[in-house]
Amino acid sequence: MAHPEHDPTAAASSAVGHDATPSPDDGDGLRGRVAIVTGGGARGEGIGNGRAAAILLARSGARVLVVDRSEQLAEPTVARILAAGGDAAAFVADVTVEADCRAMVDAAMQRWGRLDVLDNNVGIGSRGSVVDEDPARWQRVMEVNVTSMMLASRAAVPAMIAGGGGAIVNVSSISALRPRGLTAYSVSKGAVIALTKAMAVDHGPDGIRVNAVAPGPVYTPMVAGNGMSPAARAGRAAASVLGTEGTGWDVGQAVRFLASDRARWITGQVLVVDGGATLRGPERDPGTDH
Ligand SMILES: NC(=O)c1ccc[n+]([C@@H]2O[C@H](COP(=O)([O-])OP(=O)(O)OC[C@H]3O[C@@H](n4cnc5c(N)ncnc54)[C@H](O)[C@@H]3O)[C@@H](O)[C@H]2O)c1
């Protein structure tokens, strides 16, 4: 470091009464951190949004509790992380159940002694208008997509505060921004955005950042499991301005960024990961300017 007398930046800043802002290092600050990823499992070798986030967080040196409702779904994620030299464990929980959310946080604390990151990734789909929708199904979508995030956060926040802060990433969807006939799902994902902003305000003073990722149509086991034709996949790719199909990895990268110290001054935001699909509207008359 240059001596202040020979460093014009330092001289200028001391003249206004503060030190020069130190430049950040290139690490993402995730080494040694402890993360919980809900819905971190996936069928077989498929790459869901949660599995991708868990693997990427582990690659950055985080220890990851991979939570899913079935061990069979969570284990392959853990196996991939361990095979690559990372640290992870599977935990079976239904995140719509408060006791399960508490047990999940306790498991991370007992195993690794702290909790820094929560990726609230669990979500289920639903199709149809309010007229089509079965009220019981509506309730279930709200429970799985919204209440689960409240319950998991409710259990995680005190543990994060005990460790000096943390980062929560809630997985929303572009269906909240551009509805298209999946009304219960859209409403639930809109609530996820409101929850994110409210929690960012509530817990910012505790050093906890809360952000959301809004993925576009990415090809995950959930999508594949519903049986998607090559033509439908091509249509989804064409819906983006980049003309390419997104994957769980694209969503996982956004989650890792928002969970990391690189996003240290970002909170209450929604990062849209959709290849530009939400920029698109119907084709208009090319002869008009607006
Ligand atoms: N795939 C897409 O195109 C897309 C687009 C926008 C948003 N999303 C969102 O991304 C998230 C993950 O999507 P995905 O496509 O990877 O889904 P996925 O179904 O492949 O994976 C979700 C995992 O969550 C688990 N899960 C479901 N309910 C649970 C519960 N109550 N408790 C514990 N685990 C539970 C499932 O077993 C599954 O392993 C969801 O919130 C979804 O709404 C997906």
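The values are calculated or read from the model by the stated rules, or taken from the named source; none is laboratory data. The structure displayed is predicted, hence computed values, not measured ones. When we count neighbours, we look across all protein chains shown, and the Cβ atoms used for this are built from the backbone with ideal geometry, even at glycine.
The single condition from (1) modelled with pLDDT of 95 or more; (2) in contact with a Phe, Trp or Tyr (Cβ under 6 Å, 6 or more places away or on another chain) that residue 125 fails is (1).
Restricting to region 134-176, what's the tally of residues that are polar (S, T, N, Q), assigned to a helix (DSSP H, G or I) and within 20 Å of residue 213 (Cα to Cα)? Steps first, please.
Looking only at region 134-176, we keep the residues that are polar (S, T, N, Q), and these are 139, 145, 147-148, 153, 170, 172-173, 175.
Going one step further and asking which of them are assigned to a helix (DSSP H, G or I), we end up with 139, 145, 147-148, 153, 175.
Add one more test, that the residue is within 20 Å of residue 213 (Cα to Cα), and what stays is 145, 147-148, 153, 175.
Here the count works out to 5.
With the structure loaded, tell me whether residue 148 is hydroxyl-bearing (Ser, Thr, Tyr) and either in contact with a strand residue (DSSP E or B) (Cβ under 7 Å, 6 or more places away or on another chain) or closer than 27 Å to residue 165 by Cα (or both) or whether it fails that test. It is true that residue 148 is hydroxyl-bearing (Ser, Thr, Tyr) and either in contact with a strand residue (DSSP E or B) (Cβ under 7 Å, 6 or more places away or on another chain) or closer than 27 Å to residue 165 by Cα (or both). So is residue 37 closer than 27 Å to residue 164 by Cα, modelled with pLDDT of 95 or more, among the β-branched types (Val, Ile, Thr) and more than 14 Å from the ligand (Cβ to nearest atom) or not? In short, no. Just one of the listed residues (216, 268) is in contact (Cβ under 8 Å) with a residue 24 or more places away in the chain, in contact with a Gly (Cβ under 7 Å, 6 or more places away or on another chain) and not aliphatic (A, V, I, L, M), namely 216.
In this structure, residue 233 does satisfy being farther than 23 Å from residue 61 by Cβ and either in a helix (DSSP H, G or I) or under 13 Å from the mean Cα position of the chain (by Cα) (or both).
Yes or no, residue by residue, for (1) in contact with a Ser or Thr (Cβ under 9 Å, 6 or more places away or on another chain); (2) at negative phi; (3) among the β-branched types (Val, Ile, Thr):
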{"position": "231", "(1), (2), (3)": "no, yes, no"}
{"position": "236", "(1), (2), (3)": "no, yes, no"}
{"position": "239", "(1), (2), (3)": "no, yes, no"}
{"position": "244", "(1), (2), (3)": "no, yes, yes"}
{"position": "247", "(1), (2), (3)": "yes, yes, yes"}
{"position": "250", "(1), (2), (3)": "no, yes, no"}
{"position": "253", "(1), (2), (3)": "no, yes, no"}
{"position": "257", "(1), (2), (3)": "no, yes, no"}
{"position": "276", "(1), (2), (3)": "yes, no, no"}
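Within region 192-200, can one find any residue that is within 14 Å of the ligand (Cβ to nearest atom), assigned to a helix (DSSP H, G or I), touching a Phe, Trp or Tyr at 6+ places or on another chain (Cβ under 8 Å) and closer than 25 Å to residue 48 by Cα? Scanning region 192-200, I find no residue that is within 14 Å of the ligand (Cβ to nearest atom), assigned to a helix (DSSP H, G or I), touching a Phe, Trp or Tyr at 6+ places or on another chain (Cβ under 8 Å) and closer than 25 Å to residue 48 by Cα, so the answer is no. Summed over region 67-97, the residues that are surrounded by 14 or more Cβ atoms within 10 Å (Cβ to Cβ) and away from the ligand (no atom under 12 Å from the Cβ) give a count of 7. Set side by side, the residues 289, 261 differ, and just one is within 22 Å of residue 166 (Cα to Cα) and either in contact with a Gly (Cβ under 6 Å, 6 or more places away or on another chain) or at pLDDT below 95 (or both), which is 261. Considering 213, 223, 192, the condition of being touching a Pro at 6+ places or on another chain (Cβ under 8 Å) and either over 26 Å from residue 130 (Cβ atoms) or of a type outside the set (D, E, K, R) (or both) is satisfied by 223 alone.
Out of everything in region 156-187 that is surrounded by 22 or more Cβ atoms within 10 Å (Cβ to Cβ) and away from the ligand (no atom under 13 Å from the Cβ), what residue ends up being farthest from residue 119 (Cα to Cα)? That would be 160. A single member of 246, 235 is within 19 Å of residue 277 (Cβ to Cβ) and surrounded by 15 or more Cβ atoms within 10 Å (Cβ to Cβ), and it is 246. The set of residues from region 259-282 being aliphatic (A, V, I, L, M) and more than 14 Å from the ligand (Cβ to nearest atom) comprises 259, 263, 266, 279.
Of the residues examined, residue 61 is not one that is part of a loop (DSSP other than H, G, I, E, B) and within 15 Å of the ligand (Cβ to nearest atom). Here is the figure for region 44-58: residues that are in contact (Cβ under 8 Å) with a residue 60 or more places away in the chain and in a loop (DSSP other than H, G, I, E, B) total 4.
Being near the ligand (Cβ under 10 Å from one of its atoms), small (Gly, Ala, Ser) and within 13 Å of residue 92 (Cα to Cα) is a condition met by no residue of region 47-54.
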